[in-house]
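Taken together, the values in this text are just the output of simple stated rules run on the coordinates, not laboratory data. Since the structure is predicted, the reported quantities are computational estimates derived from the model, not experimental observations. Cβ placement follows ideal geometry from the backbone for every residue including glycine, while neighbour counts extend to all protein chains displayed.
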Amino acid sequence: MKVRKEYTCPLEITHDILKGKWKTVILWQLKYHERASLSQLEKDIKGISQKMLLEQLHELREFGLVDKVQYEGYPLKVEYFLTEERGKRIVKALEIMQELGREYLQEKRTMDIL
């Protein structure tokens, strides 16, 4: 992901870091796993390709939201997790977004019934 040289507001860079179809979903799934393998994330996130998942995880790692641990031995085992400093903090914002989305969907369903 390309980060601009200048921003007029800190929210802009946060938006650039999180924008895209999958990043918030990946972070949300990692909220439920202390550590998750690539195959676990693929299973939990319907419709994402392995290539896209790896790209998005790489970008999230670049910004310190996600990290990984790679175990020695065969077969290769890699697990991803939210970082304490930024990853778990951003999930707090996602929780608010989740609640707003839930409220909106509930209101929309109510309006559709009327």
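Quick notes on this structure:
- Lone qualifier among Gly87, Gly64 - being of a type outside the set (Lys, Arg) and on the phi > 0 side of the Ramachandran plot: Gly64
- Which listed residue, of Ile90, Ile45, is among the β-branched types (Val, Ile, Thr) and in contact (Cβ under 8 Å) with a residue 40 or more places away in the chain: Ile90
- Reported count of residues in region 15-42, each being touching a residue at least 24 places away in the same chain (Cβ under 8 Å) and hydroxyl-bearing (Ser, Thr, Tyr), is 2.
- Residues that are among the β-branched types (Val, Ile, Thr) and under 24 Å from Val66 (Cβ atoms) were ranked within region 91-114; the one that is farthest from the chain's Cα centre (by Cα) is Ile96.
- Glu62 meets each of the listed conditions (1) among the acidic types (Asp, Glu); (2) over 12 Å from the mean Cα position of the chain (by Cα); (3) closer than 21 Å to Ser39 by Cβ apart from (3).
- A count restricted to region 69-96 and to residues that are out of contact with any Lys or Arg (no Cβ under 7 Å at 6 or more places or on another chain) and surrounded by 14 or more Cβ atoms within 10 Å (Cβ to Cβ) stands at 6.
- Number of positions in region 45-79 that are under 20 Å from Lys19 (Cα atoms) and not β-branched (Val, Ile, Thr): 20
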